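To start, the structure under review is shown below, and the notes come after it.
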Amino acid sequence: MKKFLFFVLIISTAVLFVSCIPGQNVGDDGSPEQIVINTLVNEIETNVKFFAYKDGKSGDWNELTGSLGRYAFTPEAEDGNYSVFVVYEYYDQYQNKYGYDIEIINANKDELATLNMNFEDWTVETNPATINVNFSYDFLNKYTAMFYGVYHGFHTPSGNDDLSYELPVVNGTKDFVITTTTDYDDYHDSIYIDRDLEVSGEVTKNISVSDFVTLETFSATSTLEGVNVWSEILVGGETLVFPYLEGYNSAKIPNSILDSSDLHILVISENESDLYTGIYKYKNSVNSTEYMNTLPSSTWAEPVLTNDSNVVSLSWNNYDSGISTHETRAYQFEVQSSDYLRKWYITNTTGWLGSSNLYNYNMPDLSSLSGWQDIWYPENVTEFSFFSAITSNNSNFDLYFNPIDGYEYGYISK
């Protein structure tokens, strides 16, 4: 089992795919009238084991039934705050027991009102759709990569009977991308983009060399020492593309096929004494050289977890990134059971928390609800698995999951 999006996003953009939910209603003041959470398993809309929400900080928890993975409620508290408690149940074949991935989100409706919450569980048959790619003979012995949303595949046709490739995906409409080489080495120099390819069950694409344009490159670098700098591409804002390039070059979408929805992701990160810091920047177009010379401050006191009388609490100091254009937007942490079969991922936005130099959070107990199971409360937990602060240059926390041109966020993780 892999965890839901939040922490993985800090370490890698490999699962950076939480899309907007269309049709969100807004009130007269522009604030959202509904909170809409879509739950998915392997990108397929699916109801979860348990879903509950709380309206406001002092309201009561209410259990909610979803429809094809869609859960919606209307927050009525004057402060606009809400909480959700989501449980995904899976079966661990190695331990012959059920396991639970639990997501807790505490936010304000003006920060985050729509979210696709994807759980990864490859023990579940999701009946994926397929893109059947038929290459022309020009692709013989040429290393080729295919991308559609979060899905990707690699193929080097070795003969005339090896020119077809089946790429497992899920039904949807996303940009389909292929990168390849026109020479006979491994390095990619060409790109093909099929915009808004609708996949329903099975789609066939016949691909020839004439479909491609020359893939451009740029340099993503830093003058800082001991840091890691890299880049990736979100074609159409949803399809993650990472061509195989020579040396330290970064891929750039040529202007001739560049779309306003395309995003180049620039990343700088540093790991020092198990303390991770970094910055993600999203740009539609990039310069020939992009310098990443800023990192968040590494000054932050160790958070403290306590478990007294089976009440799990976490206390931490306010985090200041030291970046003038950034403010702290959320704190995220994880705790887990000793057998790793129960994991709790908690996100507290600063809109929900309010302004303070010192924060304290108690894990919620929803035992008053009929669908509740006591194993969903983390008894006997004595330490957290990770703790992070997220900063950004925009107060709309939805952009953390649906980035746009000019958006950037930073993180510090212990």
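The values are calculated or read from the model by the stated rules, or taken from the named source; none is laboratory data. Computed from a predicted structure; not experimentally measured. Positions of Cβ are backbone-derived with ideal geometry, glycine not excepted, and every protein chain shown enters the neighbour counts. Heavy atoms of the whole protein, side chains included, go into the accessibility calculation; ligands, DNA and RNA do not. Shrake-Rupley method; radii C 1.70, N 1.55, O 1.52, S 1.80 Å.
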Q: Take the Cα atoms of the chain, find their three principal axes, and give me the spread along each one in whole Å, biggest first.
A: 68, 50, 47
Q: Provide the per-residue ³J(HN,Hα) series for the stretch 51-61, in order, calculated from phi with Karplus coefficients 6.51, -1.76, 1.60 and θ = phi - 60°, each as a whole number of Hz, with x at glycine and proline positions.
A: 9, 9, 9, 10, 8, x, 6, 10, x, 8, 6
Q.
Just the number please: accessible area per residue for the chain, 1.4 Å probe, all protein chains included, in Å².
A. 45
Q: Would you mind telling me the antiparallel percentage of the DSSP bridges in the stretch 91-220, rounded to 5?
A: 80
Q | Size of the stretch 293-339 as Cα extents on the principal axes (Å, biggest first) | A | 44, 22, 17
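Take the Cα radius of gyration of the stretch 192-260 and divide it by 2.2 N^0.38 Å, with N its residue count; two decimals is plenty. Walk me through the intermediate numbers first.
Working: Rg = 15.2 Å, N = 69, 2.2 N^0.38 = 11.0 Å.
It is 1.38.
Using unit Cβ charges (K, R positive; D, E negative) and no other charged atoms, how large, in debye to the nearest 20, is the dipole of the chain about its Cα centre? All intermediate terms of the calculation are to be shown ahead of the outcome.
On the way: 19 positive and 58 negative charges, 62 e Å.
In debye, rounded to 20, the chain gives about 300.
Which entries in the list Lys252/Lys281; Lys109/Lys174; Lys49/Lys97 go over 21 Å, if you measure between the two C-alpha atoms of each? All intermediate terms of the calculation are to be shown ahead of the outcome.
Details: Lys252/Lys281 15 Å; Lys109/Lys174 28 Å; Lys49/Lys97 15 Å.
Lys109/Lys174, as the Cα separations exceed 21 Å there.
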Q: When you have a sec, figure out the Kirkwood radius of the stretch 142-249 from all distinct Cα pair distances and drop it here in Å to one decimal?
A: 15.2
**Q.** Per-selection metrics, the stretch 69-149 (Cα): Rg and Dmax in Å
**A.** 20.8, 65
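Quick one: with all protein chains in place, what share of the accessible area of the chain is carbon or sulfur, to the nearest percent (1.4 Å probe)?
Values: 7740 of 18650 Å².
For the chain, the apolar C and S fraction of the accessible surface comes to 41 percent.
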Q | Amide H contacts under 5 Å for Asn38, placed H, 5+ residues apart | A | Tyr71, Leu115, Asn116, Met117
Q: Would you please give the residues with an amide H less than 5 Å from that of Ile207, counting only those at least 5 places away or on a separate chain, with H modeled from the backbone geometry?
A: Asn134, Phe135, Ser136
Q | Selection from Gln373, Val311, Trp300, by position along the positive dipole direction of the chain (Cβ) | A | Val311
Q: For an R0 of 22 angstrom, estimate the FRET efficiency from the Cβ-Cβ distance between Asn318 and Asn271 and round to the nearest 0.05.
A: 0.40
Q.
Tell me which of Val86, Ile102, Val124 sits at the most positive position along the dipole axis of the stretch 69-153, charges placed on C-beta atoms (Lys, Arg +1; Asp, Glu -1).
A. Val124
Q | Spatial separation of Cα centroids for the stretch 273-351 and the stretch 203-218, in angstrom | A | 39
Q) Check Val312: other-chain or 5+ apart residues with amide H under 5 Å from its amide H, H built from backbone geometry? A) Met363
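Under the rule of -39500 (n - 2.57) per DSSP H run of 4 or more residues, summed and divided by the residues of the chain, what mean residue ellipticity at 222 nm is obtained, to the nearest 500 deg cm²/dmol?
On the way: 2 runs with 11 residues, N = 414.
That calculation yields -500 deg cm²/dmol at 222 nm.
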